[in-house]
Each structure stands twice: as structure tokens, then as C-alpha cells.
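Read the structure below first, then the notes.
The values are calculated or read from the model by the stated rules, or taken from the named source; none is laboratory data. Bear in mind the structure is a predicted one, so any value in this text is a computation, not a measurement. Don't worry about glycine lacking a Cβ; one is built from the backbone with ideal geometry, like all the others, and counts go over all protein chains shown.
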Amino acid sequence: MSKAIQAVRGMNDLLPDVVERWQRIEAIARDVWHAYGYREIRLPILEKSELFARSIGNETDIVEKEMYSFEDRSGENLTLRPEGTAGCVRAGIENGFLHNQIQRLWYAGPMFRHERPQKGRYRQFHQIGVEAFGIESADLDAELIMMCARLWTALGLEGLTLQLNSLGTLESRIVYRRELLRYLETQRDQLDDDSLRRLDKNPLRILDSKNPEMQKIIAAAPSLYDHLDDVSREHFARLGEYLRHAGIPFTVNPRLVRGLDYYTRTVFEWTTERLGAQSTVCAGGRYDGLVEQLGGKAAPAAGFAMGMERLVDLLTQQTQPYTEVRPHVYLALLGDAAEMQGLVLAEQLRDAGLRIECNCGGGGLKAQLKRADRSGAHFALLLGEQEAGSASVNVKDLRGSGTQVQVAQNELVDYLKQRTGRGEIS
């Protein structure tokens with residue numbers, strides 16, 4: 001026997017029990033985004049490599065080390081998308097719906113980065129992203145954060161904290177970068193290998209180091225906030241006013257930077273202590289220069305993305321266990337006439353809004369009742385030759401008293417609904 005082929009490392013299967021949790025998050029998120037007027041856009045998984053080099057930055061870890069890039073048969077350099085914002089901006093420019101327009105968009109799907117797989121971090125991971133274009137004021141930033149807060153409430157998630165910072169404009173950041181470099185050069189002999197690698201290329205990322213030995217150096221570094229331009233400082237202060245008025249607590253973290261070069265002004269992260277090292281659940285901010293940087297006419301923009309795998313992990317930890325979607329009824333069929341009639345009966349029950357798992361492949365009564373129990377259904381409907389002839393069915397309660405009664409098929413829907421005590425089956 002040949003050796004079984006396994007999945008690519010860091011790219012995981014999502015089995016049915018897990019997928020149901022994903023579907024719950026996706027459905028609730030969709031309702032929240034729609035409540036704010038955001039519309040779905042669906043984007044390609046493959047993009048030209050140049051798109052990410054120009055947007056994320058050639059000197060970022062993502063572009064340098066993590067992208068899945070290759071040359072196709074026509075000689076074009078392509079990349080599996082490592083994030084969604086750049087593709088969304090590209091689509092807006094290409095299809096002409098960003099200039100002098102307000103657009104509120106969302107998307108969901110897989111992203112790809114060649115990182116070291118660990119809990120909460122995978123090579124194929126999934127994000128839900130939200131992007132808004134055409135609004136420069138801080139009320140948009142507040143709306144994005146309030147959307148996140150509403151989603152946490154809708155999902156029943158607790159313990160998420162909000163951190164904020166402002167990166168200022170690209171111009172003010174250049175001034176700050178020079179001063180930060182001067183300081184870090186005085187500490188060169190104490191920098192770890194990762195920080196030394198970033199020193200000349202992307203020194204702001206050193207501020208985001210998680211190495212405990214680097215924290216004293218980082219704490220003594222010049223503050224980015226002290227180098228903000230007046231407009232960015234006013235923008236950030238206004239955002240704080242909106243959030244305080246809305247009752248959303250936050251912490252200003254002057255060391256919060258994002259690993260993507262396109263961010264300007266507001267950056268934020270929602271974090272949790274329940275996921276170990278991978279504490280960031282959702283992150284985003286402003287990227288007012290990106291549309292022009294990618295060849296479009298200048299347009300302000302802001303957005304965020306959240307990791308589905310981490311949301312699922314959080315949801316799984318909730319004190320109230322999530323109830324998986326199970327069939328209301330398992331239909332056990334005994335004999336040719338019952339099998340013929342049963343498939344039609346199952347369709348009629350589905351027309352009434354019931355979830356039906358119909359036995360296929362035959363089997364005796366004992367075997368079918370075992371399948372019914374494993375399905376999680378509340379009721380088993382037993383349809384044999386005699387019941388098929390009398391247009392009736394035996395209803396067995398699998399989760400309650402275990403009683404069994406015979407019910408006419410034309411009264412079956414009403415009977416099942418009455419048994420729930422609410423006039424409907426959930």
C-alpha cells in the first residue's frame with residue numbers, strides 16, 4: 001500500500017464540527033457589516049507580486065520572507081495573497097469606483113504566508129476584512145472600531161481590549177525614523193538579531209519586538225507621538241473623544257506599529273490574553289496614501305481585518321458551549337415501499353422548514369436507530385412497510401422520554417412543532 005498523502009504543513013482541514021462554528025461567526029459578522037452599510041466584494045486569491053511589493057513594502061517581513069510567489073507559464077510573477085487590503089484597493093482602481101466616491105466594503109477568505117506554523121498562526125489562514133474609502137475624518141475610524149465592538153457583543157466574546165496609536169503622515173514618520181535610528185545606533189551592541197536585521201530597513205518594526213530583553217531599550221526610545229504633525233495629533237484626539245463618548249474603553253500604546261508600510265495616522269489592535277502568544281484578534285487603521293501609491297487618484301481609506309481561526313478558538317472557549325447544527329429528525333426507512341415513500345416524505349418535511357437526515361443504504365432497525373442517535377437528531381421517524389401502507393409514521397423521542405407514538409403523515413409537521421413547546425423547531 002502506498003503512503004497516504006497528507007496536507008501541506010500549516011494548511012489545515014476544517015472538519016464539519018469546526019466549520020459550523022465558522023459559519024456562525026460569518027453569518028453574525030455579515031449581519032453586523034450590513035447594519036453599517038458595508039457591501040461584500042469578492043477578490044482573487046492570486047495577484048501580481050508587484051501589488052504587494054508596492055503596497056506592503058519591499059522591506060517588510062511579509063514581502064522579504066513570507067509570500068508564496070512563483071512565475072507562471074507566461075513568465076508573470078504571481079503571489080498567493082498574504083492580506084486583503086491591497087487587492088481591494090487594486091479592484092477599486094481597476095473598476096473605477098474609488099475616485100470622489102464613498103465606498104464601504106467587506107470580504108472574507110483565505111490568505112497565505114510562509115510562517116512557522118503554531119497555534120493561532122498558520123500558512124493558510126482566513127480573514128474577514130472591512131475597508132472604507134473616501135472619508136478622511138476621525139468619525140470613520142470610530143465607526144470601524146464600534147463595528148468591531150458590536151461584533152464582539154453579538155458573538156458573546158468577552159475580555160477583548162483595544163489599543164490605539166497614531167503613526168502620523170508619511171512625512172512626519174520620516175523625521176521620526178531618522179531620530180529613532182540615531183537612538184538605536186547607540187544601542188546596537190544590545191540589539192537582538194531580529195532587530196539588527198530590521199535596523200536599516202524597517203526600524204519602526206523594532207518597537208513591536210516581543211523579545212523581553214528588548215523591552216528596556218524600546219521603552220527608552222523616542223516617542224513617535226512627540227513627532228506627530230498637528231493634523232494627525234488633532235485627528236487622534238478627536239478619535240479618542242468619539243470612543244469615550246460611545247463608552248468604548250481603550251489604551252494608547254505609543255509602541256503600537258503595524259507590519260505593513262501603508263499605514264498612516266490611526267492604527268489599532270483588539271487583543272486577548274486567552275490565546276497565548278497570538279494575542280491579536282483584529283487589527284487595522286488608516287492607509288490614506290495607498291490608493292495613490294498603487295496608481296489611483298488620491299483617496300483617504302481605512303479598514304481592519306480579523307483572523308477567523310483566532311475567533312473560532314475564542315468562541316470555543318466560551319462558558320456557554322456552542323450548539324452545533326443538527327438535524328431535527330432522522331428518518332429510518334425499512335423496506336422498499338418505505339424507502340420509496342420516505343424520500344418524498346423527507347422533502348415535504350424540509351418544505352416545512354425542518355432539517356431531515358434520511359437513512360440511505362438500508363440496514364436493520366437497530367443499526368438505523370444507532371445512526372439516528374449519532375446524528376444528534378431530537379426525533380427518529382420510523383417508516384416501515386405497514387406505516388407506508390397506512391400513510392403514518394412512528395415518532396420516537398431520542399432526547400427526552402424515549403416514548404414512541406404513531407402519527408398520521410399529514411399531521412406530522414404540526415405534531416413535531418407542538419412537541420417543541422414553541423410552535424417551531426430550532
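Only a single criterion out of (1) under 25 Å from A237 (Cβ atoms); (2) at pLDDT below 80 is not satisfied by K201, namely (1).
Residues A132, A86: which one is touching a residue at least 12 places away in the same chain (Cβ under 8 Å), within 21 Å of the chain's Cα centre (by Cα) and part of a strand (DSSP E or B)? Let's see the steps before the verdict.
Values: A86 fails: part of a strand (DSSP E or B).
The match here is A132.
Within the range 268-302, being free of Cβ contacts under 8 Å to residues at least 60 places away in the same chain and closer than 20 Å to D141 by Cβ holds for T280, A283, E292, A298.
The residues of the range 356-377 that are surrounded by 14 or more Cβ atoms within 10 Å (Cβ to Cβ) and either assigned to a loop (DSSP other than H, G, I, E, B) or in contact (Cβ under 8 Å) with a residue 40 or more places away in the chain (or both), listed by number, are N359, G363, R371, A372, S375, G376, A377.
Residues that are touching a strand residue (DSSP E or B) at 6+ places or on another chain (Cβ under 6 Å), assigned by TED's automatic domain parsing to the domain that holds P110 and part of a loop (DSSP other than H, G, I, E, B) within the range 1-42 comprise G37, Y38, I41, listed in sequence order.
Each row is one residue, and each column tells you yes or no for (1) in a loop (DSSP other than H, G, I, E, B); (2) surrounded by fewer than 22 Cβ atoms within 10 Å (Cβ to Cβ).
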site: V267; (1), (2): no, no
site: G276; (1), (2): yes, yes
site: G284; (1), (2): no, no
site: E292; (1), (2): no, yes
site: K297; (1), (2): yes, yes
site: M306; (1), (2): no, no
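Go through the range 151-180 and give me each residue that's among the polar types (S, T, N, Q), over 15 Å from M306 (Cα atoms) and touching a Pro at 6+ places or on another chain (Cβ under 8 Å). Result: N165, single match.
Restricting D194, D226 to those that are in a helix (DSSP H, G or I) and surrounded by fewer than 14 Cβ atoms within 10 Å (Cβ to Cβ) reduces the list to D226.
Go through the residues of the range 342-359 one by one and say whether even a single one is among the acidic types (D, E) and at pLDDT 90 or above. Working first, answer last.
Here is the first cut: in the range 342-359, the residues among the acidic types (D, E) are 347, 351, 357.
After this cut, where a residue has to be at pLDDT 90 or above as well, the list is 347, 357.
Within the range 342-359 (the criterion being among the acidic types (D, E) and at pLDDT 90 or above), the answer is yes, since at least one residue qualifies.
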